[in-house]
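Report on the following structure.
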Amino acid sequence: MTGRDDFQGLARYYDSIMDHIDYDRWVVVTSLVADWLAVESVRHVDVACGTGVLLKKLRQHGWSSVGLDLSPAMAREAAKGPYAPPTFAADMCALPLRDSSSTLMTCFFDSLNFLLDYDELVQAFREVARVLDDDGIYYFDMITERMVTEYFANQTWTERSGKFKTSWGGQYDSVGRILDLNVQVHSRPPELLRERVYYPSEIHEALEEAGLVLLREVDSETWEKPTHKTVRVEMIAGKKSGTQLGRNMDKLVEHIQDVLSDLGH
Ligand SMILES: C[S@@+](CC[C@H](N)C(=O)[O-])C[C@H]1O[C@@H](n2cnc3c(N)ncnc32)[C@H](O)[C@@H]1O
């Protein structure tokens, strides 16, 4: 955490910059996970919700999800437009939510990689363990070092979508595992985004330290076990005190793989 709003300059352009991102895939999988939950009602919070793209899609399908994001500018964007969710500016390391108040918590698109310190990662997971209901589920993703070395490290590139132009520059410090991304929209001054790579073993350890249990870890593209080629992992975790944990997890994963394949994702 830096105390400043790293997304302030980018928030109003964020949806245009990310218009190639397949949020529908996360909508589909989140819905399948929610169907699988052994709870009476799904109380969903999307942590680090950004401009609320996922939340607006879910609310369009009748969900009553809420969102929060560290960046007030991103949270303000999330609160605009049709199907806008209730959104709060808040740090995922200090959630303004009651104990056991959520049955489904999500955190997507590298948001956890924005925590630059291992202790912050543990604290973010501790907050999930506090806010999650006993039989609730936490579904999140993180990028791997492969993603950074393959696509970002010491590279510059330009993306165009219609008249919209974004120039990117990536620098990777492989010792500290810190990725600096400079993002320039048109000819505006560049904005700096900083992310950290965590090894799988660190993520596992942080979950354990926080009182969470890892139920499944997959390659986000294949929904199979991650390999050395995996650029993004997705994980499903629950609380140690959960009684329904692991219930038919293999079946859930098979079902997700089938649905994604039928939809051509
Ligand atoms: C790449 S964006 C992803 C946003 C959104 N999840 C999406 O899928 O579009 C990363 C987000 O994480 C948020 N973020 C970074 N650190 C955070 C923290 N400590 N607490 C809450 N949100 C945080 C940023 O403000 C930003 O909106």
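The values are calculated or read from the model by the stated rules, or taken from the named source; none is laboratory data. It should be emphasised that the depicted structure is a prediction, and the values quoted were computed from it without experimental measurement. Note: ideal-geometry Cβ built from the backbone for every residue, glycine included; neighbour counts use all protein chains shown.
Quick notes on this structure:
- Of all residues in region 140-182 being out of contact with any Ser or Thr (no Cβ under 9 Å at 6 or more places or on another chain) and not in a strand (DSSP E or B), the one that is farthest from E217 (Cα to Cα): K163
- When N182 is tested against (1) more than 16 Å from the ligand (Cβ to nearest atom); (2) free of Cβ contacts under 8 Å to residues at least 24 places away in the same chain, exactly one condition is not met: (1).
- Residues in region 100-122 that are under 18 Å from C49 (Cα atoms) and away from the ligand (no atom under 13 Å from the Cβ) were compared, and the one that is surrounded by the most Cβ atoms within 10 Å (Cβ to Cβ) is S102.
- Every residue from region 243-262 that is among the β-branched types (V, I, T) and loosely packed, with under 15 Cβ neighbours inside 10 Å: T243
- One residue from R160, R146 being among the basic types (K, R), in contact (Cβ under 8 Å) with a residue 60 or more places away in the chain and either more than 30 Å from S41 (Cβ to Cβ) or more than 15 Å from the ligand (Cβ to nearest atom) (or both): R146
- Test: residue in region 52-60 that is away from the ligand (no atom under 13 Å from the Cβ) and either under 18 Å from H255 (Cβ atoms) or surrounded by fewer than 17 Cβ atoms within 10 Å (Cβ to Cβ) (or both): yes
- Identity of the residue in region 73-84, out of contact with any Phe, Trp or Tyr (no Cβ under 9 Å at 6 or more places or on another chain) and not aromatic (F, W, Y), that ends up surrounded by the most Cβ atoms within 10 Å (Cβ to Cβ): A78
- Tally, over region 61-87, of residues that are on the phi < 0 side of the Ramachandran plot and more than 10 Å from the ligand (Cβ to nearest atom): 13
- Residue match in region 107-117 (condition: touching a Gly at 6+ places or on another chain (Cβ under 8 Å) and at pLDDT 95 or above): yes
- F125, sole failed condition from (1) away from the ligand (no atom under 16 Å from the Cβ); (2) surrounded by 18 or more Cβ atoms within 10 Å (Cβ to Cβ); (3) not β-branched (V, I, T): (1)
- Of residues in region 38-51 being free of Cβ contacts under 8 Å to residues at least 60 places away in the same chain and within 16 Å of the ligand (Cβ to nearest atom), the one nearest to G67 (Cα to Cα): C49
- Restricting the first member to region 78-105 and to residues that are without any contact (Cβ under 8 Å) to a residue 24 or more places away in the chain, and the second to residues that are within 10 Å of the ligand (Cβ to nearest atom) and in a loop (DSSP other than H, G, I, E, B), the beta-carbon pairs closer than 8 Å and six or more apart or on different chains are A89/L70; A89/S71; A90/L70.
- If you go through region 11-37 and keep only what is farther than 21 Å from W63 by Cβ and more than 9 Å from the ligand (Cβ to nearest atom), you end up with R12, Y13, S16, I17, D19, H20.
- Subset of region 3-59 [out of contact with any Lys or Arg (no Cβ under 9 Å at 6 or more places or on another chain) and of a type in the set (F, W, Y)]: F7, Y14
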